[in-house]
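Colleague: Sending over a structure as C-alpha cells; questions will come in a sec.
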C-alpha cells in the first residue's frame, strides 16, 4: 500500500507570495493532519481534517488555511508569506479522526524556504 | 491543555549498550502516547503507541516503551543500541476527544560505534 505523498517536496518563495501544498493520504484513510516543523519550535499542529471537515486547528494565524476533498486529499495554503514561515511542512493520515487515538502515518514533508 | 516534555536534547550511547529516551506528559483524562523517529530529511516513522492495557509496549525495530501513570512517563527503551538507531526521536500525546497530537521537542540519539 502506498504511503502518504506530499507535493512538491521543495519550494522556494518570496515574502508576500502565497503557496499551496498538497497531501495524498494512504488509501482508505479519512483523516489528514498538517504540522509545521522548525528547529526552534519543533513540531507544531496546524489543523486536522476528517471527511472534509476541519476538526481542530492549532495556534496559527489565519494566513494558514486548508481544505480536504471528497477523496480525502488535502491542501494547505499559506498566504502573504513571511520569512518565519520557512519550515518543513508535514502531512499525516489516519484511518479515523484523531479523537479516536488513531495512529498517524507521516509523509516525507514539503520543505518551504521563504526569501 | 496537553503537553510533552523530553528533558534531554541529546542522548549518546555506545553501540551494544541499552538506551533510554525519556518522556513525560500532561493531559486531561487517560493519555494516548506515541513514539516516532525521524531520520535526516525524512518524515516521521511510527514506532509504537500506548492506548490501554499492558504498561510495556513493544514496537518496531526492537524498541519498547514503559507507561508509568504515577510518574506520567513513557520512556523509550532498547536493550542493545545499533548505529543505525541514530536519529531524532519524538514523543507525542493526545487525550480522548482531543483531535490534536502534541509532540515533544525531540531527542537526538547518537549511537557511537
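The values are calculated or read from the model by the stated rules, or taken from the named source; none is laboratory data. As the structure is a computational prediction, the values presented were derived from the model and not from experiment. We place every Cβ from the backbone using ideal geometry, glycine too, and count neighbours over all the protein chains shown.
Colleague: Condition first: touching a residue at least 60 places away in the same chain (Cβ under 8 Å), surrounded by fewer than 17 Cβ atoms within 10 Å (Cβ to Cβ) and within 14 Å of another protein chain (Cβ to nearest Cβ). Now tell me which residues in the range A:75-100 satisfy that.
Modeller: Scanning the range A:75-100 gives A:95, A:96.
Colleague: Okay, next question. Name the pairs: first residue in the range B:93-110 and farther than 15 Å from residue B:50 by Cα and within 10 Å of another protein chain (Cβ to nearest Cβ), second residue surrounded by fewer than 20 Cβ atoms within 10 Å (Cβ to Cβ) and at pLDDT below 80, Cβ to Cβ under 8 Å, at least 6 apart or on different chains?
Modeller: Close Cβ pairs satisfying both conditions: B:97/A:99; B:98/A:99; B:99/A:99.
Colleague: So which of A:45, A:106, A:50 is in contact with a helix residue (DSSP H, G or I) (Cβ under 9 Å, 6 or more places away or on another chain), at the interface with chain B (Cβ under 10 Å from one of its Cβ atoms) and touching a residue at least 12 places away in the same chain (Cβ under 8 Å)?
Modeller: After ruling out the rest, the residue left standing is A:50.
Colleague: On the basis of being facing another protein chain (nearest Cβ under 10 Å) and farther than 23 Å from residue A:59 by Cα, does residue B:63 make the cut?
Modeller: no
Colleague: While we're looking at this one, here's another question. Among the candidates A:65, A:93, which residue alone is under 21 Å from residue B:48 (Cβ atoms) and in a strand (DSSP E or B)?
Modeller: Just a single option satisfies the conditions, and that option is A:93.
Colleague: A follow-up question, please. What number of residues within the range B:1-59 are farther than 27 Å from residue B:97 by Cβ and part of a loop (DSSP other than H, G, I, E, B)?
Modeller: 12
Colleague: Mind checking which residues of the range B:9-55 are closer than 15 Å to residue B:77 by Cα, buried (at least 17 other Cβ atoms within 10 Å of the Cβ) and more than 12 Å from the chain's Cα centre (by Cα)?
Modeller: Passing the criteria: B:11, B:13.
Colleague: Do we have residue A:72 as crowded, with 16+ Cβ neighbours inside 10 Å and part of a loop (DSSP other than H, G, I, E, B) here?
Modeller: yes
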